[in-house]
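The values are calculated or read from the model by the stated rules, or taken from the named source; none is laboratory data. Small disclaimer: the values here were computed from a predicted structure and weren't measured. Here the Cβ positions follow ideal geometry from the backbone for every residue, glycine too, while neighbour counts run over all protein chains shown.
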Amino acid sequence: MAYELKSARFLARDALQRAVQPGDTVVDATMGNGHDTLFLAEQVGPAGHVYAFDIQESAVESTGKLLEEHHLADRVTLCCMSHSEMKRVVSGPVAAAVFNLGWLPGGDHAITTRCETTRAAVESALGLLKSGGILTVCAYPGHPEGDREREMLKEFFSSLSNRAYNVLHQVFLNAGEGAPECFIVQKL
Ligand SMILES: C[S@@+](CC[C@H](N)C(=O)[O-])C[C@H]1O[C@@H](n2cnc3c(N)ncnc32)[C@H](O)[C@@H]1O
């Protein structure tokens, strides 16, 4: 991706590119169609590993296909389960955890990430981060559940001790209501 200051996903990827090193273990908490999983698999290299989560079997299938096409399936564990359960599979420490909230592009909008499970998953991911590791969240206000998630994240991340975490909230100020927002948290 060329440098273009226009999307929350770009901001998240820019940070991930700097924070994730070959050999790292990372989490994609919302695999969807697998674009972030593929990106992470490339970043961690052959010695690293990606754990990817989604509640929809169709997401797991399309992500598996994408990884096969790129010959990267062996460095990824695909989990058809809620990200709020990630500690059942991942013991950490991880260099990054990536959340891209909302619904599967092209899928059923009723199957979206939800405030309560997102909160539980973000807490789990923070607990798994190694020192220097980052958590990125792209949030999509502008629909009721997205608005709730954004408010929950602002409140929760604001409450974190600045002795333990650095927290950044990036908003495109001139993009209007409902524009995607990016949160980046680094464990100190
Ligand atoms: C915006 S999409 C993710 C896009 C994806 N990162 C990509 O690169 O294609 C959000 C995904 O979160 C998934 N999701 C919703 N609730 C979830 C949960 N509790 N645990 C894990 N995934 C969830 C949805 O099924 C959907 O596929």
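Residues are listed down the side, and each one gets a yes or a no for (1) more than 17 Å from V60 (Cβ to Cβ); (2) near the ligand (Cβ under 9 Å from one of its atoms); (3) under 14 Å from the mean Cα position of the chain (by Cα):
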| residue | (1), (2), (3) |
| --- | --- |
| A96 | yes, no, yes |
| G102 | yes, yes, yes |
| A125 | yes, no, yes |
| C138 | yes, yes, yes |
| P141 | yes, no, no |
| D147 | yes, no, no |
| K154 | yes, no, no |
| S158 | yes, no, no |
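Is one or more of the residues making up the range 19-33 within 22 Å of P105 (Cα to Cα) and either without any contact (Cβ under 8 Å) to a residue 60 or more places away in the chain or away from the ligand (no atom under 16 Å from the Cβ) (or both)? Yes: the range 19-33 contains one or more residues that are within 22 Å of P105 (Cα to Cα) and either without any contact (Cβ under 8 Å) to a residue 60 or more places away in the chain or away from the ligand (no atom under 16 Å from the Cβ) (or both).
Every condition in (1) closer than 22 Å to T112 by Cβ; (2) within 15 Å of the chain's Cα centre (by Cα) holds for Q186 except the one numbered (1). Considering only the range 37-66, state which residues are buried (at least 22 other Cβ atoms within 10 Å of the Cβ) and in contact with a helix residue (DSSP H, G or I) (Cβ under 8 Å, 6 or more places away or on another chain). Scanning the range 37-66 gives T37, L40, A41, V44, V50, Y51, A52, F53, D54, T63.
Counting the residues of the range 73-94 that are in a helix (DSSP H, G or I) and within 16 Å of the chain's Cα centre (by Cα) gives 5.
Give the residue that is nearest to the ligand (Cβ to nearest atom), with candidates limited to residues of the range 34-55 that are small (G, A, S) and closer than 16 Å to V94 by Cα.
We begin by selecting, within the range 34-55, every residue small (G, A, S); these are 34, 41, 45, 47-48, 52.
If we keep only those that are closer than 16 Å to V94 by Cα too, we end up with 41, 45, 47-48, 52.
Details: A41: 12, G45: 19, A47: 23, G48: 18, A52: 9 Å.
By that ranking, first place goes to A52.
Give me the strands (runs of 3 or more DSSP E) completely within the range 95-188, filtered to those with at least 1 residues that are free of Cβ contacts under 8 Å to residues at least 12 places away in the same chain and either surrounded by fewer than 21 Cβ atoms within 10 Å (Cβ to Cβ) or β-branched (V, I, T) (or both), ordered by residue number. It would help to see each step written out before you state the result.
Working: elements: 129-139, 165-171, 181-187.
So the answer is 165-171.
If you take the residues of the range 69-82 that are out of contact with any Ser or Thr (no Cβ under 7 Å at 6 or more places or on another chain) and closer than 20 Å to G23 by Cα, which of them is surrounded by the most Cβ atoms within 10 Å (Cβ to Cβ)? Among residues in the range 69-82 that are out of contact with any Ser or Thr (no Cβ under 7 Å at 6 or more places or on another chain) and closer than 20 Å to G23 by Cα, the one surrounded by the most Cβ atoms within 10 Å (Cβ to Cβ) is L72. Residue check: H109 meets all listed conditions (1) modelled with pLDDT under 95; (2) within 9 Å of the ligand (Cβ to nearest atom) but one, namely (2).
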